[in-house]
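The values are calculated or read from the model by the stated rules, or taken from the named source; none is laboratory data. Everything quoted here is computed from the prediction, not taken from an experiment. Quick reminder, even Gly has a Cβ in these numbers, built from the backbone with ideal geometry, and neighbours come from all protein chains shown.
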Amino acid sequence: MTLAAADPELYAMLERERARQRDGIELIPSENYVSAAVLEAMGTIFTNKYSEGYPGRRYYGGNEVIDEVERLAQARARALFGVPHVNVQPYSGSPANLAVYLATCQPGDVIMGQNLPDGGHLTHGWKVSATGIYYRSVPYHVRPDGYIDLDEVRALARAHRPRLIWCGATAYVREFPFARFAEIADEVGAYFAADIAHIAGLVVGGAHASPTPHAHVVTTTTHKTLRGPRGAMILVTERGLAKDPELAEKIDRAIFPGLQGGPHDHTTAAIAVALGEAARPEFAAYARQVVANAKALGEALGEHGFTLVTGGTDNHMLLVDLTPGGPGRGTFMQEALDTVGITVNKNTIPGEPVSAFYPSGVRLGTPAATTRGMREPEMRQLAGWIRRVHDEIRGYQLPEEREARHRTLREFRAAVRESAALAATRDEVRALCRRFPVPGIG
């Protein structure tokens, strides 16, 4: 029985989401479109199997084929990233990162990661995360110009002697200085973990420096720029094994049985497909175009008067500082852009003057638009629409008083729904999208 016949209510939701993805432009840098082959693998009968353990060491019978699937994914990842050991079982990036802690640290150990409001990740020691509760987090920051403050990183590492240092972020637009982090970690005897969830596709495509020669362990999601399903991997490098010959085994034990039960075998299969795609020459061309598009979008936004954190980008991502129009404007821009079919996410900026609930910036990225085949001319067109939306909502400011904020946002949402100018822009966005089909959707 088809999904439409079995569950028409859910099928209607699926069709609405299909239309949203087809007729809108995805600019959230952590999102992408998978190929039809990856979608097919995700929907296979591999989802029926339970496979606790690792290839050749399962707790259940009947895993002969599953072992082949997982070994294939491992082999492709090892070849792509040039590492001796890979675990492809993490359900997502956060448990992958938690496994690194479990393998390298004891509760209460000092760890270092980029401060969350400065663009870091929740699992790099932020205070509300388990990583900030069970470990003593000493965050580092970015300088006023938006670049990582490496002098501060070194000073904090010397003062606190961390067990683990992270390099990686969710909103950092410049190339990560992996070699410099390795020097600091070696100086204080720390493990160095590189979280490349955002840039993994750029790394394998040769559009960003690789952490493999420098880090002891590397974590990554398999979606975002890698264009795979929602999963994750942990890579143990030659440097990692030189520091601790048992590191690979410790990582594997941290995932299972330390944090997870059976892997999601249909996801493992889809990861293998995506890694196979990433090994092709056309993927390297894609990775380079992602960066070229981000640079073109940044330049065009600058020409339209927008302020960019660090003044531009080295990767797939841009961070727009909207404080010249008043603090806390990220929410307004995100929702107004949603109205015209351009999806971004509100985001804190370095030195955020308000809060993560009402941030003063928006985060943009080009992986998904590039997957659809958009190039520099479309990036310039996007920048013009973003400027038009910005001008349409210029009169709205975030009040200081809480109730006034709620009232202003209600009025704002009603106004953008009724705006003729935004409706006209929505039609233009839809027309552009119809020229660039979405893989697996059309």
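Yes/no matrix, rows are residues, columns are (1) of a type in the set (A, V, I, L, M); (2) surrounded by 12 or more Cβ atoms within 10 Å (Cβ to Cβ); (3) in contact (Cβ under 8 Å) with a residue 24 or more places away in the chain:
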residue: GLU9; (1), (2), (3): no, no, no
residue: GLU26; (1), (2), (3): no, yes, yes
residue: ASN32; (1), (2), (3): no, yes, yes
residue: LEU39; (1), (2), (3): yes, yes, yes
residue: THR47; (1), (2), (3): no, yes, yes
residue: SER51; (1), (2), (3): no, yes, yes
residue: LEU72; (1), (2), (3): yes, yes, yes
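Going by the structure shown, is ALA369 small (Gly, Ala, Ser), out of contact with any strand residue (DSSP E or B) (no Cβ under 7 Å at 6 or more places or on another chain) and at pLDDT 95 or above? Against the criterion (small (Gly, Ala, Ser), out of contact with any strand residue (DSSP E or B) (no Cβ under 7 Å at 6 or more places or on another chain) and at pLDDT 95 or above), ALA369 does not qualify. Taking the stretch 254-301 as the range and being within 29 Å of ARG174 (Cα to Cα) and surrounded by fewer than 16 Cβ atoms within 10 Å (Cβ to Cβ) as the test, the residues that pass are ALA279, ARG280, PRO281, GLU282, ALA285, ARG288. In the stretch 303-333, of all residues being β-branched (Val, Ile, Thr) and assigned to a strand (DSSP E or B), the one that is surrounded by the most Cβ atoms within 10 Å (Cβ to Cβ) corresponds to VAL320. Which ones in the stretch 74-93 are closer than 22 Å to THR47 by Cα and crowded, with 20+ Cβ neighbours inside 10 Å? Passing the criteria: GLN74, ARG76, ALA77, VAL86, ASN87, VAL88, GLN89, PRO90, GLY93.
From ARG280, ARG253, grab the single residue that is over 30 Å from GLN381 (Cβ atoms), among the basic types (Lys, Arg) and modelled with pLDDT of 95 or more. Being over 30 Å from GLN381 (Cβ atoms), among the basic types (Lys, Arg) and modelled with pLDDT of 95 or more holds for just one of ARG280, ARG253, which is ARG253.
Among residues that are farther than 23 Å from HIS316 by Cβ and at pLDDT 95 or above, THR225 is not included. Residue count for the stretch 188-221, restricted to those that are among the hydroxyl-bearing types (Ser, Thr, Tyr) and either over 21 Å from TYR286 (Cβ atoms) or free of Cβ contacts under 8 Å to residues at least 60 places away in the same chain (or both): 2. The combined condition, being surrounded by 24 or more Cβ atoms within 10 Å (Cβ to Cβ), within 17 Å of the chain's Cα centre (by Cα), of a type outside the set (Val, Ile, Thr) and modelled with pLDDT of 95 or more, is not fulfilled by GLY240.
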